[in-house]
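Inspection log for the structure reproduced underneath, given as structure tokens.
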Amino acid sequence: MGSIRFENAGKVYGDAKTGFRALDGVSLEIFEKEFVAIVGPSGCGKTTCLRMVAGFESVSSGKVLVNDKAVTAPGADRAVVFQQFALFPWKTVRQNIEFGLRNKGIAKSERDHLVANALKLMTLESHGDAYPHQLSGGMQQRVAIARAYVLDPSVLLMDEPFGALDAQTRVVMQEELVRLARVNPRTVLFITHGVEEAVYLADRVAIMTRRPGTIKEVIDVKSIRTKENWDSYEKIEDVMDLESFVHLRTRIWKSLREEKIAAAT
Amino acid sequence: MQPRLSFVETVVYGFIGVAAFLGIWYVLPTTGLVSPQFLPGPVTVAERVVVLTTQPFAGATLPAHIAYSFTRFISGFLLAALIGIPLGLVMGWFRIVDEVVAPLFDGLRFIAPIAWVPFAALWFGTGVGGPILIIFAGAFPPCVINAYRGAKQVDPQLIEAAEMLGTGHLRMMTEILLPASVPSIVAGLRVAAGLGWQSLVGAELIVASTGVGFMMVQAQANVATSTVMSGMVAIGVVGLIIDMLLRRGEAAIRRRRGMAE
């Protein structure tokens, strides 16, 4: 379980004819255990795509389906990692991670076990009793990822999750996410404006047009990643030096730049 | 912006204000500008306060009257908080409840606590229910309004985070809206306590047979001005202590949240 399908999905704010057209006929399928990144110029509606899957926003036309069912409301089967972390400041790290499990009605002993695993997975063992404001941004985002992962959601939605982090922390988190994806593959929809990040992390990269956004093209990264054996490199910078990586990155850059230029003129 | 004052400066300036006030109060009756019978000096009032701690007036000593008043205050205040805060949160979460309750509440809010006195007198006479009803009338609106505002001002992303974690309505209110609204609620409690305490003494002037307000009205009948003023001093000091305690609570909560004070 864990597929996402956009079927000609559109989003208009306000009146259907005169309102603000954010998205226009987005069609994209994300298969089970696949990691898809959406990149696009600012304001193209990529975050709106994610918010429709999460159930935070309704679809104005077309459909958004998760596991072949139309999305109607937010739910724990679609865990979200927000750019600004969105941790509950009055709950400790442990309580933040545990909260969704309690909502699911999971027994205390089982919860303790799952939370301990999640803390270990994100190397947060020694911070279980800390409050979010006592942690660095990178640490807070680890907590947010743990909070999402612990629910064993069928899809994981990440909205520029590393956008609020400094460059060094971001690199560590990107490597961490690749490690996680290897240990525990998931269906992931990842929104970013970082092309390198998208190529490094995703199996496929979907490029969006300027507003009203639609999918311009989808680029396959996985076949090249497998062929060139990117996963054998431990460090992100080694992968980023590879000719195959540079080639893909440049291709996506050019495609994006066309949109940015078109949007500016 | 004016520069921030150090603790010592704050104390010194505060002291200057109090000293000036006491000075004028002292000078007026001693120089004969105002008859000491109408305005006893601070020393006379202080002496009277001391006497009243042991010697009963209007059926009880001053501390006993304060205790009566305070018990009523706490009852009415807690009742207002226990009903008002949940109501405010429910109104903040369920649009429909907001729509139903808001017009009624807004209307009732304009009936000043003291305007409840005749009604309370009819219902309870001088029984304990009267003052409690009046304190409740004073303390209830700030409890509701601040819980409501707090709930409305929760970071929408925290609500979204809770929603995607599968949070139900009840838990949304108790574990998300309530803690997120605590700073607003505590600010509301401070206002509620102030209004409640002020209303109480007004109520006791009429619908009670004990308490600081009752003592004052009895003293007025005896033209015992120093006793009337002892009551005023007691009201001021107790009110100040209540506010100080709530302010401390507020600061402690803010510190725990890592918020600026």
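Just one of A:ILE219, A:ILE191 is among the hydrophobic types (A, V, I, L, M, F, W, C) and touching a Pro at 6+ places or on another chain (Cβ under 9 Å); which is it?
Answer to the check: A:ILE191.
Report the residue count in the range B:210-261 for those that are over 30 Å from B:PRO42 (Cβ atoms) and not in a helix (DSSP H, G or I).
Qualifying residue count for the region: 4.
Does the range A:218-228 include one or more residues that are within 21 Å of the chain's Cα centre (by Cα) and without any contact (Cβ under 8 Å) to a residue 12 or more places away in the chain?
So far as the range A:218-228 goes, yes, one or more of its residues are within 21 Å of the chain's Cα centre (by Cα) and without any contact (Cβ under 8 Å) to a residue 12 or more places away in the chain.
For the list (1) assigned to a helix (DSSP H, G or I); (2) buried (at least 19 other Cβ atoms within 10 Å of the Cβ); (3) modelled with pLDDT of 95 or more, I need the number of the one condition that A:ARG102 fails.
Going through (1) assigned to a helix (DSSP H, G or I); (2) buried (at least 19 other Cβ atoms within 10 Å of the Cβ); (3) modelled with pLDDT of 95 or more one by one, A:ARG102 breaks only (2).
Just to check your reading of the model, which residue among B:ILE111, B:ILE83 is assigned to a helix (DSSP H, G or I) and either assigned by TED's automatic domain parsing to the domain that holds B:GLY188 or at pLDDT 95 or above (or both)?
Exactly one residue qualifies, and that residue is B:ILE83.
What are the residues in the range B:216-256 that are loosely packed, with under 14 Cβ neighbours inside 10 Å and within 14 Å of chain A (Cβ to nearest Cβ), if any?
B:ALA252, B:ARG255, B:ARG256
Mind listing just one residue for me: the one in the range B:166-195 that is small (Gly, Ala, Ser) and crowded, with 19+ Cβ neighbours inside 10 Å and, of those, nearest to the other protein chains (Cβ to nearest Cβ)?
Per the criteria, the residue is B:GLY166.
Could you tell me whether the range A:141-158 includes any residue that is more than 16 Å from the chain's Cα centre (by Cα), surrounded by fewer than 18 Cβ atoms within 10 Å (Cβ to Cβ) and within 13 Å of chain B (Cβ to nearest Cβ)?
No, the range A:141-158 contains no residue that is more than 16 Å from the chain's Cα centre (by Cα), surrounded by fewer than 18 Cβ atoms within 10 Å (Cβ to Cβ) and within 13 Å of chain B (Cβ to nearest Cβ).
Can you tell me which residues in the range A:66-82 are within 18 Å of the chain's Cα centre (by Cα), at the interface with chain B (Cβ under 9 Å from one of its Cβ atoms) and part of a loop (DSSP other than H, G, I, E, B)?
A:PRO74, A:GLY75, A:ALA76, A:ASP77, A:PHE82
Here is a list: B:GLY188, B:GLY194. Which entry is of a type outside the set (A, V, I, L, M, F, W, C), closer than 29 Å to B:TRP93 by Cβ and touching a Cys at 6+ places or on another chain (Cβ under 8 Å)?
B:GLY188
Just for strands (runs of 3 or more DSSP E) wholly inside the range A:116-225: which have at least 3 residues that are under 23 Å from B:GLU160 (Cα atoms) and in contact with a strand residue (DSSP E or B) (Cβ under 7 Å, 6 or more places away or on another chain)?
The qualifying strands (runs of 3 or more DSSP E) are A:155-159, A:187-191.
Given the structure, is A:SER109 part of a helix (DSSP H, G or I) and either assigned by TED's automatic domain parsing to the domain that holds A:ILE219 or farther than 30 Å from A:TYR200 by Cα (or both)?
yes
Looking only at the range B:150-165, how many residues end up being more than 9 Å from chain A (Cβ to nearest Cβ), surrounded by fewer than 18 Cβ atoms within 10 Å (Cβ to Cβ) and outside any helix (DSSP H, G or I)?
1
Looking at B:THR53, B:THR71, B:THR44, which is the one that is among the hydroxyl-bearing types (Ser, Thr, Tyr), assigned to a helix (DSSP H, G or I) and within 30 Å of B:ALA137 (Cα to Cα)?
Residue meeting the stated conditions: B:THR71.
Output the number of the condition that B:GLY130 fails; it satisfies all remaining conditions of (1) out of contact with any Lys or Arg (no Cβ under 8 Å at 6 or more places or on another chain); (2) surrounded by fewer than 24 Cβ atoms within 10 Å (Cβ to Cβ); (3) farther than 21 Å from B:SER181 by Cβ; (4) not charged (D, E, K, R).
B:GLY130 satisfies every listed condition except (2).
State which residue is nearest to the other protein chains (Cβ to nearest Cβ) when the search covers only the range A:46-64 and only residues that are among the polar types (S, T, N, Q) and in contact with an Asp or Glu (Cβ under 7 Å, 6 or more places away or on another chain).
Among those that are among the polar types (S, T, N, Q) and in contact with an Asp or Glu (Cβ under 7 Å, 6 or more places away or on another chain), it is A:THR47.
Could you list, in sequence order, all residues of the range B:143-189 that are of a type in the set (A, V, I, L, M) and over 20 Å from B:GLU250 (Cβ atoms)?
B:LEU158, B:ILE159, B:ALA161, B:ALA162, B:MET164, B:LEU165, B:LEU170, B:MET172, B:MET173, B:ILE176
Table: residues versus (1) under 23 Å from the mean Cα position of the chain (by Cα); (2) within 13 Å of chain B (Cβ to nearest Cβ); (3) over 24 Å from A:VAL183 (Cβ atoms).
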{"residue": "A:GLN84", "(1), (2), (3)": "yes, yes, yes"}
{"residue": "A:LEU87", "(1), (2), (3)": "yes, yes, no"}
{"residue": "A:ASN96", "(1), (2), (3)": "yes, yes, no"}
{"residue": "A:ALA118", "(1), (2), (3)": "yes, no, no"}
{"residue": "A:LEU121", "(1), (2), (3)": "yes, no, no"}
{"residue": "A:GLU125", "(1), (2), (3)": "no, no, no"}
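Could you list, ordered by first residue, the pairs with Cβ atoms under 7 Å in which the first is in the range B:125-147 and touching a residue at least 12 places away in the same chain (Cβ under 8 Å) and in the same structural domain as B:ALA102 (by TED's automatic domain parsing) and the second is part of a helix (DSSP H, G or I) and of a type in the set (Lys, Arg), at least 6 apart or interchain?
Correct list of pairs: B:VAL128/B:ARG72; B:PRO131/B:ARG72; B:ILE132/B:ARG72; B:ILE135/B:ARG72; B:PRO141/B:ARG109.
The values are calculated or read from the model by the stated rules, or taken from the named source; none is laboratory data. Note that the structure is a prediction, hence the values are computed from the model and not measured. In this analysis, Cβ positions are derived from the backbone assuming ideal geometry, glycine residues included, and neighbour counts consider all displayed protein chains.
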